[in-house]
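Pasting in a structure now, in structure tokens, and then I'll have a few things to ask.
The values are calculated or read from the model by the stated rules, or taken from the named source; none is laboratory data. What you see is a predicted model, and the numbers here were worked out from it, not measured in a lab. Every residue, glycine among them, receives a Cβ derived from its backbone with ideal geometry; neighbour counts consider all protein chains shown.
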Amino acid sequence: MENLGILRILTCGSVDNGKSTLVGRLLFDSNNVQDDQLASLENDSRKYGTRGKEFDFALLLDGLESERQQGITIDVSYRYFSTSRRRFIVADCPGHEQYARNMATGASNSSLALIVLDAKAGPNEQIWRHLTICHLMGIEHVVFAANKIDLVGFSAEHFGRVRTELMDRAQALGFKTIYALPICAVSCNNVVRWDEKLDWHQGPCLLSYLEGIDTQAGAGAAAGLRLPVQFVSRPNSDFRGYAGTISAGFARVGQALSVVPTTAKTRIARIFRGDVAVDEASEGDAVMICVTDDVDISRGFVLLSPDDGPTVSDHIAADIIWFSDKPFLPHRQYLIQCGHQLHRAWGTNVKYRLDVQTQEWLTSKQLGKNEIGHCHISCSHPLIFDPFDQNRNSGGFILIDRETSETMGCGLIRYSLRRSTNVAAQSLSVSPQDHARIRGHRACCVWFTGLSGAGKSTIANLLEYQLNKAGVHTSLLDGDNLRLGINRDLGFTEADRVENIRRLSAIARLMVDPGLIVIVAAISPFEADRQAARSLFSESEFFEVFVDTPLDVCESRDAKGLYKRARAGLIPNFTGITAPYERPQSADLVLSQGALGNLRAW
Amino acid sequence: MIAFRDRIAARHGLDLLVYTNQAGAEAGMSPLVHGSFSYTDVMKTQALRQALDLYKFDAAIGGARRDEEKSRAKERIFSVRNRAHGWDPKLQRPELWRAFNSRLSDGQSMRVFHLSNWTELDVWEYILAEEIEVVDLYFARSRPTVLRDGAIIMLDDERLSLREDEVALARNVRFRTLGCYPLTAAIESGAASIEDIVAEVRTSRLSERQGRMIDRDEASSMERKKREGYF
């Protein structure tokens, strides 16, 4: 077998283009479908098939019950097959609307994209979307299979036109190799062998092409070592080893090492693969390394060759593909996972959103599901990375929701933003204890949340009055008042509310520092933002008070006449009517009706 | 199989926890009496869920591979299970590069299938290369067997009683995959060494799980079982 290595292929294309049929055909005609699977296929074809009495090869791949019943593919499916020349792993992706997450997943570990389109209809918006994502995700090799060529009478002319359009687009994006060929999956023309009906086509049949393409040619042969530390092994006091999978370059015993993010230098003393000591290891090997010096190394650090450093920064520019139903909003806190590093992160802004049809970047304030955007991200700790184009493993990251642990989106780091790296925190001489001593009490933030007209401002005002009478130093930040001043530029869209709460909580923090008891009264309808506010304070410094007045009561009071106007459709984004309010799950105090008495006791 | 398991656990000094669904055992659950569907539901799926709840494990590592079966072909390497241990295809997280989101919320737990991208042949070639000891049942030997419902079932002990017209025959058989007894059919084979097995797997016209009767309990059998909390 030629040593070209396993080829990981991503197959995609819009629904009804026959992609599943093509892959099924590839498996079947290369003798990779076993007899019992064939028997099942026969049964299934009769029950669910769309090809009358013949085998419906798409059913080899549509594995989930719900898929078979609906006749579509929902999730990425992995198939493994081999010919005498090469082994293949196929990540077969669904082609319908919910495509971005599955395409990104399938593309992340693939080196070639096989895009199936309908020869008669030609390329459409879905094809361009898939092509764009493939390119974005770092796939360098693409094959266009113009399927159902029989429906245009095997016409060379027609194919020629389609081919030109495809090549133009693909070349403009910048793939390393592009190949377009005509096929008919159903009758297996030009799929696994040359076909006389298509003898006008210059080029190998699909399987031959896939068997022969070299995706490693010109790959970073001179790449320096990158070993992200996954695990520190310390079974006893005599041994300390650092384990991980080499993501680039070579490791040799005796080699000089730099440790990032500290600036320590050391050398490799020993290398283990499994329990066997070796002299060297390379990209893709899972190893345990011992070093010659006693340096501090933890999970998330990266060991590398000294001259060839990755970037370390806590503020980055990245392209993001968003998967979740909940939009990506600047200043929402997520978790970023890059390699083995896991930190808090938030978008500082969305610069542009990519229109996949026109390849234009449009301005946008947020990203929705399946949207691609160029964003700036800030992290709670410096991130160690390489630009995604240089190394997919150290330049790619995922964003995780802190509450649900859902993977919300993925990102490709483009470069570091130098903005904050030249600014370091100044240490201050006067501590919170010093402030508290003068004032005679400790500081904290009391955060009132609830619907408009619930009574937050009233209760907050009363609270401040009582505290002031008792000699306590306070400040009251009323959401409405701040919207007349510093928050004047903000409206009530979700993105603006996030920013509103960010500023409110930042100001509250600044006032708690010199020892004030800060009372905040703001609708603050989103749990994520209330949690973000809470995260600025220690546990004993923050109290969330939920003024739980039901909507109908607020509405019947309607002190400012807003509910009436909202109901008349005059106010969009009005909490409770045209915008949501997320009830607090973990408020420190809940005030229900008639709770003013409670307040005095407290 | 049990003897092999205990021997390996002892050799490596492992803390082996063995759990049985007591209620099922006391009710005398048997695939021969109650049918394979009920039996595996009670003694495998329910038992697994009970054990996971008892020990409050965050993750269970299994050897399932994507090439084994249709619903497994779609499985993640880190597969999230909900509070009831169920597999919801809509809950599954996208897995990109080597970034595995192993965070858990809300009573979730994890099934981890690190061999996802290994094929059956990969596994046997690895066993050969690393000289790993395996259960004797994988090797062809002359064993007492009976042909029942088109499958070759090995006669192991008194759990299986012969039907009227059945005749016990010594056949040269081995097991390509090991499931429960007697829910796994044997295959006629002469492969008595790992090298033989590798050669046989390479050229086989039948898939690995072909002898696993539970896959034929109903359509989309494995998918259903996963939704209910199986691996």
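Could you say which residue among A:446, A:498, A:472 is among the β-branched types (Val, Ile, Thr) and part of a helix (DSSP H, G or I)?
After applying the criteria, what remains is A:498.
What number goes with the only condition from (1) among the polar types (S, T, N, Q); (2) part of a loop (DSSP other than H, G, I, E, B); (3) surrounded by fewer than 17 Cβ atoms within 10 Å (Cβ to Cβ) that residue A:324 does not pass?
(3)
If we scan segment A:381-392, do we find a residue that is under 30 Å from residue B:106 (Cα atoms) and within 14 Å of another protein chain (Cβ to nearest Cβ)?
yes
A further question on this structure: So residue B:140 fits all but one of (1) without any contact (Cβ under 8 Å) to a residue 24 or more places away in the chain; (2) away from chain A (no Cβ under 14 Å); (3) surrounded by 19 or more Cβ atoms within 10 Å (Cβ to Cβ); what number is the exception?
It is condition (1) that residue B:140 fails.
Then there is this: Looking only at residues that are among the β-branched types (Val, Ile, Thr) and touching a residue at least 60 places away in the same chain (Cβ under 8 Å) in segment A:464-500, which one is surrounded by the most Cβ atoms within 10 Å (Cβ to Cβ)?
Going through the qualifying residues, I end up with A:498.
Which pairs have Cβ atoms under 8 Å, sit 6 or more apart or on different chains, and link a residue in segment A:257-283 that is at negative phi and surrounded by fewer than 18 Cβ atoms within 10 Å (Cβ to Cβ) to one that is assigned to a strand (DSSP E or B) and of a type in the set (S, T, N, Q)?
A:264/A:258; A:265/A:258
Before we move on, is residue A:393 under 13 Å from residue B:99 (Cβ atoms), modelled with pLDDT under 90 and crowded, with 17+ Cβ neighbours inside 10 Å?
Criteria met by residue A:393.
When you scan segment A:538-546, do you find a residue that is buried (at least 17 other Cβ atoms within 10 Å of the Cβ), in contact with a Gly (Cβ under 7 Å, 6 or more places away or on another chain) and modelled with pLDDT of 90 or more, even just one?
Yes: segment A:538-546 contains one or more residues that are buried (at least 17 other Cβ atoms within 10 Å of the Cβ), in contact with a Gly (Cβ under 7 Å, 6 or more places away or on another chain) and modelled with pLDDT of 90 or more.
Looking only at residues in segment A:103-122 that are touching a helix residue (DSSP H, G or I) at 6+ places or on another chain (Cβ under 9 Å) and under 15 Å from residue A:179 (Cα atoms), which one is farthest from the other protein chains (Cβ to nearest Cβ)?
Among those that are touching a helix residue (DSSP H, G or I) at 6+ places or on another chain (Cβ under 9 Å) and under 15 Å from residue A:179 (Cα atoms), it is A:119.
Do any residues in segment B:11-23 that are farther than 16 Å from residue B:52 by Cβ have Cβ atoms under 9 Å from those of residues that are modelled with pLDDT under 90 and in a loop (DSSP other than H, G, I, E, B), where the two are at least six apart or on different chains, and which pairs are they?
Close Cβ pairs satisfying both conditions: B:23/B:29.
Evaluate the following for residue A:224: is it closer than 20 Å to residue A:339 by Cα and not acidic (Asp, Glu)?
In short, yes.
Restricted to segment A:7-37, and to residues that are part of a loop (DSSP other than H, G, I, E, B) and not polar (S, T, N, Q), which residue is farthest from residue A:92 (Cα to Cα)?
A:33
Can we say residue B:87 is buried (at least 22 other Cβ atoms within 10 Å of the Cβ) and within 23 Å of the chain's Cα centre (by Cα)?
yes
Applying the selection to segment B:93-107, what residues are more than 7 Å from chain A (Cβ to nearest Cβ) and at pLDDT 90 or above?
B:100, B:102
To continue, here is another question. So residue A:570 passes all but one of these: (1) closer than 29 Å to residue A:347 by Cβ; (2) part of a loop (DSSP other than H, G, I, E, B); (3) free of Cβ contacts under 8 Å to residues at least 40 places away in the same chain. Which condition number does it fail?
Here residue A:570 meets the rest and fails (1).
I would also like to ask the following. Can you name the strands (runs of 3 or more DSSP E) wholly within segment B:52-135 that have at least 2 residues being without any contact (Cβ under 8 Å) to a residue 40 or more places away in the chain?
In segment B:52-135, the matching strands (runs of 3 or more DSSP E) lie at B:78-81.
Which one of these does residue B:73 not meet: (1) at pLDDT below 85; (2) closer than 27 Å to residue A:34 by Cβ; (3) more than 9 Å from chain A (Cβ to nearest Cβ)?
(3)
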